[in-house]
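First comes the structure, then the notes that go with it.
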Amino acid sequence: MEGWRCDGTDDCGDSSDEDACASCPEDTVRCDNGKCIQESLMCDGEADCADGSDEPTTCGKNCSLANGGCTGQCSDTSWGVRCSCGSGWRLQPDGQSCAAERL
């Protein structure tokens, strides 16, 4: 499944789904399609990633207010909050909720 590539989890058992996943340079973020963009382009009102992942619903939010809208862990960033999920859970396309990983 394409959504399992380069997500930091060895879904195949041989890490083949994580091969060729170069990390983005410092001060950049990875779009869901693998493209790296400048972090300053996050939440600027323009979709710089083809999938729109640089304009998440968590733009401008703060973890101190309702956990930033995250159902899992919340991390404050310069552009808003970044939600993440614990082991066995996968962040959903809304960028805020977690769902159990399917095996």
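Any read-out appearing in this document is the output of simple, stated calculations on the displayed coordinates, not a laboratory observation. Owing to the predicted nature of the structure, the values given are computational and were not obtained by experimental measurement. No Cβ is skipped: glycine too gets one built from the backbone with ideal geometry, and neighbour counts run over all protein chains shown.
Could you check the simple spin-label distance between Gln38 and Arg102, using points 7 Å along Cα→Cβ, in nm with one decimal?
3.9 nm
Taking N as the number of residues in the stretch 56-103, what is its alpha-carbon radius of gyration divided by 2.2 N^0.38 Å? Walk me through the numbers on the way to the answer.
On the way: Rg = 10.5 Å, N = 48, 2.2 N^0.38 = 9.6 Å.
Cα Rg divided by the expected 2.2 N^0.38 Å: 1.09.
Which FRET efficiency value, to the nearest 0.05, do you get for Ser87 and Ala66 by plugging their Cβ-Cβ distance into 1/(1 + (r/R0)^6) with R0 = 22 Å? If you can, show how the numbers build up before the last one.
On the way: r = 24 Å, r/R0 = 1.08.
For Ser87 and Ala66, the calculated efficiency is 0.40.
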